[in-house]
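**Q** Below is the structure I would like to discuss, written out as C-alpha coordinates.
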Amino acid sequence: MFTESVEKTQAIQITKPFQLLSFLIAMAFALTIHPVKAHAQIIGELDVDIPFQFYAGNAKLPAGKYVLRMLDNSDLKVMEISAADGSASALFDVQDAEADSAPANNELIFNKYGNRYFLTKIFDEGNPDGSRVPESSYEKRVSQAAAEAQEHIAAHRRGQQGH
(Lines give C-alpha, C1' and ligand atoms only; values in the text may rest on other atoms or scores of the structure.)
Protein backbone atom coordinates (compact mmCIF):
# COMPACT_ATOMS: atom_id res chain seq x y z
CA MET A 1 0.00 0.00 0.00
CA PHE A 2 2.81 2.39 0.87
CA THR A 3 4.51 1.46 -2.40
CA GLU A 4 1.40 2.38 -4.38
CA SER A 5 1.15 5.87 -2.87
CA VAL A 6 4.86 6.55 -3.53
CA GLU A 7 4.42 5.53 -7.17
CA LYS A 8 1.38 7.84 -7.51
CA THR A 9 3.32 10.73 -5.96
CA GLN A 10 6.19 10.24 -8.40
CA ALA A 11 3.74 10.19 -11.32
CA ILE A 12 2.20 13.47 -10.13
CA GLN A 13 5.62 15.09 -9.69
CA ILE A 14 6.60 14.16 -13.24
CA THR A 15 3.29 15.40 -14.67
CA LYS A 16 3.29 18.84 -12.98
CA PRO A 17 6.58 20.10 -14.54
CA PHE A 18 5.45 18.76 -17.92
CA GLN A 19 2.11 20.59 -17.59
CA LEU A 20 3.84 23.80 -16.55
CA LEU A 21 6.28 23.60 -19.46
CA SER A 22 3.40 22.91 -21.89
CA PHE A 23 1.47 25.87 -20.48
CA LEU A 24 4.47 28.23 -20.83
CA ILE A 25 5.08 27.13 -24.43
CA ALA A 26 1.39 27.64 -25.27
CA MET A 27 1.42 31.14 -23.69
CA ALA A 28 4.56 32.15 -25.58
CA PHE A 29 3.01 30.94 -28.83
CA ALA A 30 -0.26 32.78 -28.13
CA LEU A 31 1.56 36.04 -27.37
CA THR A 32 3.56 35.90 -30.60
CA ILE A 33 0.42 35.29 -32.65
CA HIS A 34 -1.62 38.00 -30.89
CA PRO A 35 0.74 40.84 -29.85
CA VAL A 36 -0.41 43.34 -27.24
CA LYS A 37 -1.63 46.59 -28.80
CA ALA A 38 0.68 49.50 -28.08
CA HIS A 39 -0.66 52.72 -26.58
CA ALA A 40 -1.58 55.27 -29.16
CA GLN A 41 0.60 58.33 -29.15
CA ILE A 42 1.59 61.36 -31.13
CA ILE A 43 5.19 60.91 -32.25
CA GLY A 44 7.23 64.08 -31.90
CA GLU A 45 5.52 67.47 -32.00
CA LEU A 46 2.67 68.79 -34.11
CA ASP A 47 2.29 72.39 -35.27
CA VAL A 48 -1.29 73.55 -35.63
CA ASP A 49 -3.01 76.86 -36.36
CA ILE A 50 -6.34 76.93 -34.52
CA PRO A 51 -8.58 79.74 -35.82
CA PHE A 52 -10.89 79.91 -32.81
CA GLN A 53 -10.86 80.05 -29.00
CA PHE A 54 -11.06 76.50 -27.59
CA TYR A 55 -10.85 74.28 -24.51
CA ALA A 56 -8.19 71.60 -24.01
CA GLY A 57 -9.23 69.63 -20.95
CA ASN A 58 -10.16 72.28 -18.37
CA ALA A 59 -8.06 75.06 -19.95
CA LYS A 60 -9.53 77.81 -22.16
CA LEU A 61 -7.06 78.89 -24.85
CA PRO A 62 -7.17 81.70 -27.45
CA ALA A 63 -7.03 81.19 -31.22
CA GLY A 64 -3.50 80.97 -32.57
CA LYS A 65 -0.53 78.83 -33.56
CA TYR A 66 0.21 75.95 -31.17
CA VAL A 67 2.66 73.12 -30.61
CA LEU A 68 1.22 69.84 -29.36
CA ARG A 69 3.32 67.06 -27.77
CA MET A 70 3.09 64.05 -25.51
CA LEU A 71 4.91 64.65 -22.24
CA ASP A 72 7.95 62.47 -21.60
CA ASN A 73 7.59 59.99 -18.75
CA SER A 74 3.82 60.49 -18.73
CA ASP A 75 3.05 56.86 -19.57
CA LEU A 76 1.43 58.30 -22.72
CA LYS A 77 -1.46 59.79 -20.75
CA VAL A 78 -0.66 63.53 -20.54
CA MET A 79 -0.25 65.95 -23.44
CA GLU A 80 0.86 69.56 -23.55
CA ILE A 81 -0.40 72.22 -25.91
CA SER A 82 1.50 75.50 -25.92
CA ALA A 83 1.21 78.66 -27.97
CA ALA A 84 4.08 79.03 -30.44
CA ASP A 85 4.81 82.47 -28.98
CA GLY A 86 4.81 81.11 -25.39
CA SER A 87 1.80 83.17 -24.32
CA ALA A 88 -0.40 80.22 -23.26
CA SER A 89 -0.14 76.52 -22.52
CA ALA A 90 -2.10 73.68 -20.94
CA LEU A 91 -1.63 70.10 -19.82
CA PHE A 92 -4.47 67.64 -20.31
CA ASP A 93 -5.13 63.93 -19.91
CA VAL A 94 -5.64 61.68 -22.91
CA GLN A 95 -6.90 58.16 -23.47
CA ASP A 96 -6.56 55.77 -26.40
CA ALA A 97 -8.85 56.42 -29.38
CA GLU A 98 -9.42 54.68 -32.68
CA ALA A 99 -10.60 56.21 -35.96
CA ASP A 100 -12.82 54.32 -38.41
CA SER A 101 -9.98 54.61 -40.94
CA ALA A 102 -6.46 55.98 -40.88
CA PRO A 103 -6.57 59.77 -41.46
CA ALA A 104 -4.74 61.11 -44.52
CA ASN A 105 -3.26 64.00 -42.47
CA ASN A 106 -2.35 64.76 -38.88
CA GLU A 107 -5.46 66.26 -37.35
CA LEU A 108 -7.09 67.64 -34.25
CA ILE A 109 -10.83 67.11 -33.89
CA PHE A 110 -12.97 69.53 -31.90
CA ASN A 111 -16.51 69.12 -30.63
CA LYS A 112 -18.48 72.31 -31.30
CA TYR A 113 -21.43 73.42 -29.18
CA GLY A 114 -22.78 76.78 -30.33
CA ASN A 115 -19.66 78.96 -30.46
CA ARG A 116 -17.62 76.83 -28.01
CA TYR A 117 -14.96 74.38 -29.24
CA PHE A 118 -13.54 71.48 -27.20
CA LEU A 119 -10.46 69.50 -28.28
CA THR A 120 -11.65 65.89 -28.39
CA LYS A 121 -9.27 63.76 -30.52
CA ILE A 122 -5.77 63.86 -32.00
CA PHE A 123 -4.54 61.60 -34.81
CA ASP A 124 -1.24 61.12 -36.66
CA GLU A 125 -1.53 60.74 -40.42
CA GLY A 126 -1.78 57.14 -41.59
CA ASN A 127 -2.50 55.78 -38.10
CA PRO A 128 -6.05 54.96 -36.97
CA ASP A 129 -4.85 54.83 -33.34
CA GLY A 130 -4.79 58.20 -31.65
CA SER A 131 -5.63 60.02 -28.46
CA ARG A 132 -8.95 61.13 -27.01
CA VAL A 133 -9.40 63.97 -24.53
CA PRO A 134 -11.97 62.99 -21.86
CA GLU A 135 -14.93 65.37 -21.55
CA SER A 136 -14.50 67.99 -18.85
CA SER A 137 -17.41 68.70 -16.53
CA TYR A 138 -17.85 72.04 -18.33
CA GLU A 139 -18.08 70.33 -21.74
CA LYS A 140 -20.68 67.92 -20.33
CA ARG A 141 -22.82 70.85 -19.14
CA VAL A 142 -22.46 72.73 -22.44
CA SER A 143 -23.20 69.61 -24.51
CA GLN A 144 -26.50 69.10 -22.71
CA ALA A 145 -27.65 72.61 -23.63
CA ALA A 146 -26.50 72.79 -27.28
CA ALA A 147 -26.41 70.73 -30.48
CA GLU A 148 -23.07 69.11 -31.31
CA ALA A 149 -20.97 69.48 -34.44
CA GLN A 150 -17.32 68.68 -35.13
CA GLU A 151 -14.50 70.70 -36.59
CA HIS A 152 -11.35 69.07 -38.05
CA ILE A 153 -8.12 71.10 -38.04
CA ALA A 154 -5.04 69.87 -39.95
CA ALA A 155 -1.74 69.74 -38.06
CA HIS A 156 1.78 69.40 -39.43
CA ARG A 157 4.82 67.54 -38.15
CA ARG A 158 7.06 70.02 -36.35
CA GLY A 159 9.58 71.52 -38.77
CA GLN A 160 7.56 70.70 -41.92
CA GLN A 161 5.74 73.26 -44.02
CA GLY A 162 2.03 72.92 -44.84
CA HIS A 163 0.95 70.70 -47.71
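**Q** How many of the residues making up region 120-141 are in contact with a strand residue (DSSP E or B) (Cβ under 7 Å, 6 or more places away or on another chain) and among the basic types (Lys, Arg)?
**A** Final tally of qualifying residues: 2.
**Q** Which of the residues spanning region 118-163 are surrounded by 14 or more Cβ atoms within 10 Å (Cβ to Cβ), within 18 Å of Ala63 (Cα to Cα), within 18 Å of the chain's Cα centre (by Cα) and of a type outside the set (A, V, I, L, M)?
**A** Phe118, Thr120, Lys121, listed by residue number.
**Q** Can you give me the number of residues within region 103-117 that are within 15 Å of Ala146 (Cβ to Cβ) and crowded, with 17+ Cβ neighbours inside 10 Å?
**A** 6
**Q** If I ask for residues that are modelled with pLDDT of 95 or more and over 20 Å from Gly130 (Cβ atoms), which ones from region 62-74 would you list?
**A** Scanning region 62-74 gives Pro62, Ala63, Gly64, Lys65.
The values are calculated or read from the model by the stated rules, or taken from the named source; none is laboratory data. This structure is a prediction, so every number in the text was calculated from the model and none was measured. Quick reminder, even Gly has a Cβ in these numbers, built from the backbone with ideal geometry, and neighbours come from all protein chains shown.
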